[in-house]
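Take a look at the structure below.
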Amino acid sequence: MALDSQSIASSWLAALALASHSGDAEAFSALFLPEGWFRDLLALSWDIHSFEGREDIKNYLSTTLTSAQITGLKIEETPYFSPVSSFVPQLHAIDVELAFIFECHNGHGRGYARLLPDKDGSFRALTVMTMLSDLRGHEELDILPLRDDTALPDGRDSQQDFADYVAEVEANPHVLIVGGAQTGLQVAARFKAMQIPTLVIEQHPRVGDVWRKRYPTLTLHTIKRQHSLLYQPFPSNWPEFTPRDKLADWLEHYASIQDLVVWTESKLQPHPIYDPTSGTWDVTILRNGRPVKLRPAHIVLATGTLGKPNIPSFPGQDIFLGQTLHSEGYPGGKRFAGRRVVVVGAGNSSIDICQDLVFNGAQSVTMIQRSATCVSARSVANSHIRARYPDEWPVDVADFKAAAWPFGLQKKLAIATQDARWAAEKELFDKLRKGGLQLTQGPDGEGLYILVLERLGGYWQDKGGADMIADGRIKVVSGMQPVRFTNSSLVLSDDSELPADVVVFATGYVNIREADRELLGDDVVSQIGDVYGLDDEGEVKGSYRPSGHPGVWYATGDFFFSRFHSKTLALQIKAKQLGLY
């Protein structure tokens, strides 16, 4: 018998409305399954939280529900959001899903719930997400400001208006974004729509150069719908996996089309000074070699989740006659044709570089795997992304529904299904083991996606590297550590030697917080908490949420993170600008 999704959703939401109106935390939490999850993005507090289980949900609500003043709860009946029943493959169950809207103390809100039958047959929530969607009276614009000529009085010069706007932003930015790649640009585009004057600075000569300087064969590993940019989808004939230079050019195009104010060849100088009385920073920007003083209220660091390259040093490196470099500066395999290359590390960059070296005729390619790696075929990883980003959904709809899956729950489900993943990709794993690679699904069996969130390393998506490892074109030395150089080799921890002309360190990056210590100074960084990785609630640490120091924010993560959570960050900064908290 088919589920009456509309009736089930309406009954559950009516009970939620009653509990919310009366401020009854116990009644609210009773609408969840015992193992249910509640995720709140600024609707009940000025932070991001997730809670598992009725008791923890109730404890959170007991201090926030009444003051949140949630009213006007009703089902969102817009396309893609009407109540629907669907199969949840992770649970082998059919749920009822609904989106809802509401008003709250902080502004307009949206929510999303997934309901499953409890033991008594009543439908209760497996997951609920509530989210502040806009500040009342300061809603996000849906058209570029100063560009809608139908709204212009006679005789008004829109081009001059825009030029005046740019000049004002350059002189008095409310927000300074450091980093002009996809994260910084998407955050800036969102801030523009939220009418937050924002200046982006990029150290390279052109927007997109951060990608142009990577190795030539670099291609994004996710499908184009997952790495689409905010407000501006790719053309319909765009490649499924975006190449390095096309992405770089698209970012440059995006900055122009979205009317963003960007300074290239500009660097924030060390140790900006924060004035707690005025709530502003005294910063110096070196722009085209000339210092410029500014007084922004907020600095958003969007310089990349990875921080600076982690480049190890070993005894004897000064006598090594070959070349050493970090993967970030790898120029492509053509330069190393006919040479013996050792790649230290066994993650995404390592396998990409090893494959490129083989394609370009290196004499030998050896990967040093220091610890076990989580590997999944790119086709398998992207099959999950396609399920979350179906072609018939707009990207913002898919983002909203994806955000309604708490990371902590995703981790639990991934751990529970690890045996199935081992079985599903047995052929791939057999090839890798044949070549000597050690495999893992993560410390707890959580799999690749959660490792991206927790470690941002120790994994790769395979697109042919396994075949090269299986047939010996890429040799793997596993469980060993480099310990020193000779003039012609790299010596490992078992005293074996690898003859080498080139050693590439695909050894990851220093945490962004520590990488910024030189820029911000010890006094500021000592007040900043951890950045990136998952906290005890399963939320990403220090990103798009308070960092610990006033006026310092971090924007990290992949395209989805900056596309979706740019709104979360914009709401917090706008609320501070308006004095709402």
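The values are calculated or read from the model by the stated rules, or taken from the named source; none is laboratory data. All values reported here derive from a predicted model rather than from experimental measurement. Here the Cβ positions follow ideal geometry from the backbone for every residue, glycine too, while neighbour counts run over all protein chains shown. Please note that ligands, DNA and RNA were not included when accessible areas were found on the heavy atoms of the full protein model with its side chains. Shrake-Rupley method; radii C 1.70, N 1.55, O 1.52, S 1.80 Å.
Between A420 and I273, the distance separating the two model label sites (each 7 Å from Cα on the Cα→Cβ line) works out to 5.9 nm. Here is the list for the range 99-136: trypsin sites (Lys or Arg not before Pro) lying in DSSP coil, each with at most 16 other C-beta atoms within 10 angstrom of its C-beta, are K119, R136.
For the range 491-508, putting each phi into the Karplus relation 6.51 cos²θ - 1.76 cosθ + 1.60 with θ = phi - 60° gives couplings of 9, 9, 5, 9, 6, 6, 10, 10, x, 8, 9, 9, 10, 9, 8, 9, 9, x Hz, in residue order, rounded to whole numbers and with x for Gly and Pro.
Hey, with R₀ at 45 Å, roughly what FRET efficiency would K434 and W393 work out to, going by the Cβ-Cβ distance, to 0.05? Here the calculated transfer efficiency is 0.65. Projecting the Cα atoms of G508, T217, F191 onto the charge dipole of the chain, computed from C-beta unit charges around the Cα centre, puts T217 farthest toward the positive end. For mean projected area of the Cα convex hull in nm², one of (i) 29.5; (ii) 54.5; (iii) 33.5 was computed from the structure I shared and the rest are decoys. Which label? Among (i) 29.5; (ii) 54.5; (iii) 33.5, the one derived from this structure is (i).
Antiparallel beta bridges, as assigned by DSSP with both residues in the range 1-134, represent about 85 percent of the total such bridges. Placing unit charges on each Cβ (+1 for Lys and Arg, -1 for Asp and Glu) gives the chain a dipole about its Cα centre, and among Y330, L519, L146 the Cα reaching farthest toward its positive end belongs to Y330.
I need the GluC sites (Glu not before Pro) found in the range 41-134, filtered to DSSP loop residues with at most 13 other beta carbons within 10 Å of theirs. Spell out each step's value before the answer.
Numbers: sites: E52, E55, E76, E77, E97, E103; in loops: E76, E77.
Here the sparse-neighbourhood loop sites are E77.
Structure note, pairs K246/K567; K293/K574; K58/K541; K431/K463; K58/K576: Cα-Cα distances above 20 angstrom occur for K246/K567; K293/K574; K58/K541; K58/K576.
To the nearest 0.05, what FRET efficiency results for S236 and S313 with a Förster distance of 56 Å applied to their C-beta separation? Walk me through the numbers on the way to the answer.
Numbers: r = 49 Å, r/R0 = 0.87.
My answer for the efficiency is 0.70.
Give me the percent relative contact order of the range 56-106, please, defined on Cα pairs under 8 angstrom at least 6 residues apart. Provide the component values of the computation, followed by the final result.
Values: 61 pairs, mean separation 21.1, N = 51.
Once normalised by length, the contact order is 41 percent.
Would you kindly state how much longer the chain becomes between V380 and K293 on full extension, computed as 0.36 nm times their sequence separation minus their alpha carbon distance, in nm to one decimal? Write down the numbers at each step before the final one.
On the way: separation 87, 0.36 × 87 = 31.32 nm, distance 4.97 nm.
Length gained between V380 and K293: 26.3 nm.
Taking amide hydrogens as modeled 1.01 Å from N in the peptide plane, which residues meet the under 5 Å criterion relative to A93, leaving out close sequence neighbours? Result for A93 returns V88. Within the assembled protein chains, the solvent-accessible surface assigned to D391 is about 130 Å², based on a 1.4 Å probe.
How do the peptides 87-95, 217-225 rank, highest first, by the average count of neighbouring beta carbon atoms within 10 Å per residue?
Working: 87-95: 13.0, 217-225: 18.6.
Descending packing order for the listed peptides: 217-225, 87-95.
Taken about its Cα centre, the chain carries a charge dipole of roughly 1480 debye when the Cβ of each Lys and Arg holds +1 and the Cβ of each Asp and Glu holds -1. When nucleic acids and ligands are ignored and a 1.4 Å probe is applied, Y60 ends up with an accessible area of around 20 Å².
Place a +1 charge on the Cβ of each Lys and Arg in the range 1-86 and a -1 charge on the Cβ of each Asp and Glu, then give the dipole magnitude about the Cα centre in debye, rounded to the nearest 20. Intermediate results must be reported in sequence, preceding the final value.
Values: 4 positive and 11 negative charges, 30 e Å.
Once rounded to the nearest 20, the dipole reads 140 debye.
Accessible area of I573 (1.4 Å probe, protein heavy atoms only, ligands and nucleic acids ignored): about 0 Å².
Computed from label points 7 Å out along Cα-Cβ, the spacing between D495 and Q6 is 7.9 nm. Across the chain, the mean sequence separation of Cα contacts (distance under 8 Å, 6 or more residues apart), normalised by length, yields a relative contact order of 15 percent. Helices assigned as whole DSSP H runs in the chain whose Cα atoms extend at least 18 Å along their own long axis and whose mean Kyte-Doolittle hydropathy is 0.0 or higher are found at 5-22.
Which percent, to the nearest 5, of DSSP beta bridges fully inside the chain are antiparallel?
Values: 54 of 95 bridges.
Here the share of antiparallel DSSP bridges comes out near 55 percent.
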